[in-house]
Number of protein chains: 2
Amino acid sequence: MTTQFHDHHLSADALDQIFREARSYNGWLDKEVSDEQLHAIWELMKMGPTSANMQPSRIVWVKSPEAKAKLVDCVSDGNKEKVKAAPVTAIIAYDIDFHEELPWLFPHTDAKSWFEGDEEGRKEGAFRNSSLQGAYLMIAARALGLDCGPMSGFDKGALEKAFLADEPRHRANFICSIGYGDKTTIFDRSPRPEFDTFNDIV
Amino acid sequence: MTTQFHDHHLSADALDQIFREARSYNGWLDKEVSDEQLHAIWELMKMGPTSANMQPSRIVWVKSPEAKAKLVDCVSDGNKEKVKAAPVTAIIAYDIDFHEELPWLFPHTDAKSWFEGDEEGRKEGAFRNSSLQGAYLMIAARALGLDCGPMSGFDKGALEKAFLADEPRHRANFICSIGYGDKTTIFDRSPRPEFDTFNDIV
């Protein structure tokens with residue numbers, strides 16, 4: 001039976017850990033991230049909601065020196081040192097043919113048929129939902145005592161060729177370094193908008 | 001000074017609350033959500049990372065009976081009762097001209113110029129990052145003891161006409177009901193993929 005937490009707030013420390021004190025890091029302590037930690041991130045992030053449980057993300061965790069060197073070649077100049085220093089950088093990609101998996105991911109109805117013949121709709125759904133999953137990945141990593149450094153600065157074509165060539169229906173969304181952040185490498189916190197700036201209650 | 005939480009895991013209860021026991025609800029208890037709670041969600045979600053702090057999301061929180069009736073007219077048949085019963089439904093929209101705000105959101109460099117004349121790039125960046133923010137919204141709501149019911153089933157043109165007509169550069173991404181979920185309305189949990197199914201460590 002599902003446990004509910006109505007009106008229960010996470011502790012102030014927990015809210016600090018996943019939102020208020022968490023920062024995007026540009027440099028990393030020399031401390032490894034284990035495969036078990038990557039599995040633990042997945043075990044949490046996969047529980048986050050996606051439309052019709054489509055789970056379109058396909059993740060390549062770049063960890064070995066060889067793979068890291070390949071990735072460094074694909075990222076913009078400002079990101080090369082960051083990727084080099086990070087213990088792991090996740091490539092958050094997505095499958096634009098995710099609907100092929102829906103018979104087992106969403107077994108109670110024929111959701112696959114909703115997407116057949118609608119490649120534009122699939123591309124939009126996969127991009128939206130893999131972005132949601134990218135956010136879950138970052139929150140999950142933080143919830144497990146790791147830090148994140150998300151980046152969009154890379155050559156999409158080069159990265160897809162280097163890492164996704166055997167999966168021609170996979171597309172790169174964004175990349176995110178994971179590790180133990182080096183405090184000396186964060187910028188000043190950019191301003192955050194007040195509620196009334198970008199919200200309306202109607 | 002930034003507080004770090006290296007290797008500190010959130011409690012099992014907290015992980016249950018935001019990921020493992022949280023569910024997408026299809027029906028709602030008859031219990032209000034206050035404006036203060038919506039503000040509290042924003043205060044957390046705005047701390048989540050977006051590219052160049054672009055914060056492209058523009059959120060319309062649909063709460064009054066009149067606005068709710070308008071929204072019900074825009075959603076697909078299967079979602080009408082859900083929206084009717086929910087205390088609040090958030091329209092997560094985004095501004096494809098978000099770059100106009102970058103001089104104050106990302107003040108340490110001229111980020112606005114990166115996006116000028118690149119409407120396609122802006123549309124992609126706004127969609128990706130407003131989706132990230134939609135995920136932060138859901139995690140923040142859950143972290144504050146609320147439940148979510150995200151939905152993509154609506155008539156985008158009709159919704160934009162009904163709610164975003166005075167902001168012709170805003171686009172609807174997805175909608176998400178917020179409230180106190182009714183346990184009797186959840187479906188069985190759809191299967192979640194094992195790590196090896198959709199992940200590679202290289």
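Bear in mind that the values in this text are calculations on the coordinates, not laboratory data. Just so it is clear, the model here is predicted, and its values are computed rather than measured. Here Cβ is always computed from backbone atoms with ideal geometry, including for glycine, and neighbour counts include all displayed protein chains.
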Practice problem: Set the Förster radius R0 to 35 Å, insert the Cβ-Cβ distance between residue A:120 and residue B:104 as r into 1/(1 + (r/R0)^6), and round the FRET efficiency to 0.05. | Solution: 0.50
Quiz prompt | Distance-filtered residues of segment A:134-169 - backbone nitrogen under 17 Å, label point 7 angstrom along residue A:70 Cα→Cβ | solution = A:155-169
Quiz prompt | Between segment A:92-159 and segment A:167-202, the alpha-carbon center distance in angstrom | solution = 17 Å
Self-check item: Alpha-carbon centroids, segment A:1-25 and segment B:2-78: separation in whole Å
Solution: 12 Å
Practice problem: Identify, among B:79, B:174, B:12, the residue whose Cα sits farthest towards the positive end of the charge dipole of the protein assembly as shown, taking +1 on the Cβ of Lys and Arg and -1 on the Cβ of Asp and Glu, with the dipole about the Cα centre. | Solution: B:12
Quiz item: Taking residue B:161 as the anchor, which aspartates and glutamates have their alpha carbon closer than 14 Å to its alpha carbon, excluding any fewer than eight residues away along the same chain?
Solution: B:73
Exercise. Rounded, prolate or oblate: pick one for chain A, where a ≥ b ≥ c are the square roots of the eigenvalues of its C-alpha gyration tensor, a/c under 1.5 means rounded, and failing that, prolate if a/b is larger than b/c, else oblate.
Key: oblate
Practice problem: Report, ordered by chain and residue number, the lysines lying within cross-link reach of residue B:31, taken as a straight Cα distance under 26 Å and ignoring same-chain residues fewer than 8 apart. | Solution: B:46, B:63, B:68, B:70, B:80, B:82, B:84, B:183
Quiz item: Within chain A, what percent of beta bridges assigned by DSSP are antiparallel, to the nearest 5?
Solution: 95 percent
Quiz item: So how far apart, in nm, are the two label points at residue B:20 and residue A:113 if each is 7 Å from Cα heading toward Cβ?
Solution: 3.8 nm
Quiz item: What's the average, rounded to a whole number, of partner chain beta-carbon atoms within 10 Å of each residue's beta-carbon in B:72-84?
Solution: 0
Quiz prompt | Cross-link reach list, lysines versus residue B:112, counting only Cα pairs under 19 Å and skipping chain neighbours closer than eight places | solution = B:123
